[in-house]
1. Within region 129-144, which residues are out of contact with any Asp or Glu (no Cβ under 9 Å at 6 or more places or on another chain) and either under 17 Å from Gly166 (Cα atoms) or among the aliphatic types (A, V, I, L, M) (or both)?
2. Out of all the residues in region 96-155, which are within 26 Å of Ala218 (Cα to Cα) and of a type in the set (Gly, Ala, Ser)?
3. Identify the residue in region 280-338 that is among the β-branched types (Val, Ile, Thr) and touching a residue at least 60 places away in the same chain (Cβ under 8 Å) and, among all such residues, is farthest from Phe169 (Cα to Cα).
4. Looking at Glu282, Glu249, Glu260 in this structure, which one is acidic (Asp, Glu), within 22 Å of Ile204 (Cβ to Cβ) and either in contact with a Leu (Cβ under 8 Å, 6 or more places away or on another chain) or assigned to a loop (DSSP other than H, G, I, E, B) (or both)?
5. Could you count how many residues in region 159-183 are free of Cβ contacts under 8 Å to residues at least 60 places away in the same chain, under 24 Å from Ala218 (Cβ atoms) and under 16 Å from the mean Cα position of the chain (by Cα)?
6. I'm trying to understand the selection: among the residues of region 295-333, which are part of a helix (DSSP H, G or I) and under 30 Å from the mean Cα position of the chain (by Cα)?
7. Within the set of pairs 6 or more residues apart or between chains, which connect a residue that is within 15 Å of Thr41 (Cα to Cα) and outside the structural domain of Gly94 (by TED's automatic domain parsing) inside region 51-80 to a residue that is surrounded by 15 or more Cβ atoms within 10 Å (Cβ to Cβ) and modelled with pLDDT of 90 or more with Cβ atoms less than 6 Å apart?
8. Name the residue that is nearest to Ala73 (Cα to Cα), counting only residues in region 45-57 that are surrounded by fewer than 19 Cβ atoms within 10 Å (Cβ to Cβ) and not small (Gly, Ala, Ser).
Amino acid sequence: MKKALVFAGYIFIVILIVFLYFHFNLGARKSELKTSQEATTFVVGKGEGVKEIAEKLKEQGLIKNKVIFEIYAFLKNAWKKFWPGEYKLNPETGLRDILKILTAQKGPEEEEITIIEGWTNKDIVNYLKEKGVVKEEDFKTAEEEIIKENKYDFLTDKPSEADLQGYLFPDTYRVYKEASAKEIIKKMLDDFGNKLTNEYRDEIKRQGKKIFEVITLASIVEKEAADEIDRRIIAGIFLDRLARGEKLESCTTINYILGESKKKLSYQDTRTPSPYNTYLHEGLPPGPICNPGLGTIKAVIYPLKTDYKYFLSPGDGRTIFSKTYEEHLKNKEKYLGK
């Protein structure tokens, strides 16, 4: 009886090995012949073992059976050889090839990209184009798809006609060299979601504001000054103007319309017809004029209350504040000339 059980066990193992052999080889041939499905990014995190990896592969629809994957990895002595990183995998790739890719000693090539505080979406696209990472049309299409999917809670109060400018968080990212525009945008949005903590969100809600309003004002403040304290003072001045129903009269919104950075605006500049012209229209513009950094977002959430009513920038990094309009006019003449 004991010999029969042992023999049956051997037969089972042989059948299992034969099954796995044909299963993985057939899968590998399929991956070479069919490329109709779009490749997806799969991430192996540091310290993840075969069970976690098999679970994630199953969740992303890259394998059919996680147990078979685990057994095969064990039989190939590869269950401790997975390399952390981002990989491009196709749902039709054979399991043998998936294992080979994930345990290759050289990980996938990555690109480092740095998004600067105050960049517009156009600036980001131009930068990514120069880096050879994405095409402009792909970026726009990806942006529209993400908005339509509506999976980010911090976008819920964003007007439907507004794009993602303001939410593409300025930071340094490592991306897979062949990453799609959609994957790159999602990285920036995920970063935004992590940086805008529950503490900040609760404070915004407590103040009766919307995240979109805070980001829009922060995008203006971002362009007005570089110093953290100056930004908090400017945020306070702008919030006071909004509370009094006054126009913001921000030079940065005019420069945004003109597409250039003028040190001193002419009267004609301030008359430029545009919904973004805060010299002509009360309240906030239709949306953010750039992508602000966390420091500026915090300046709008936690502004400094002062007696200052006006300010100007001489262009040397300083911000000159005034308590009265007469003082402001004198400062304009002194620092900007007639």
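The values are calculated or read from the model by the stated rules, or taken from the named source; none is laboratory data. In this text, all values refer to a predicted model and were calculated from it rather than measured experimentally. We place every Cβ from the backbone using ideal geometry, glycine too, and count neighbours over all the protein chains shown.
1. Our first condition is that a residue be out of contact with any Asp or Glu (no Cβ under 9 Å at 6 or more places or on another chain); within region 129-144, this holds for 130, 134-139, 141.
Residues satisfying the conditions are Val134, Phe139.
2. Gly118, Ala142
3. Thr306
4. Working: Glu249 fails: within 22 Å of Ile204 (Cβ to Cβ); Glu260 fails: within 22 Å of Ile204 (Cβ to Cβ).
Matching residue, one of Glu282, Glu249, Glu260: Glu282.
5. 2
6. Those that are part of a helix (DSSP H, G or I) and under 30 Å from the mean Cα position of the chain (by Cα): Gly295, Thr296, Ile297, Lys298, Ala299, Val300, Ile301.
7. Taking only residues 6 or more apart or on different chains, not a single pair turns up.
8. Lys51
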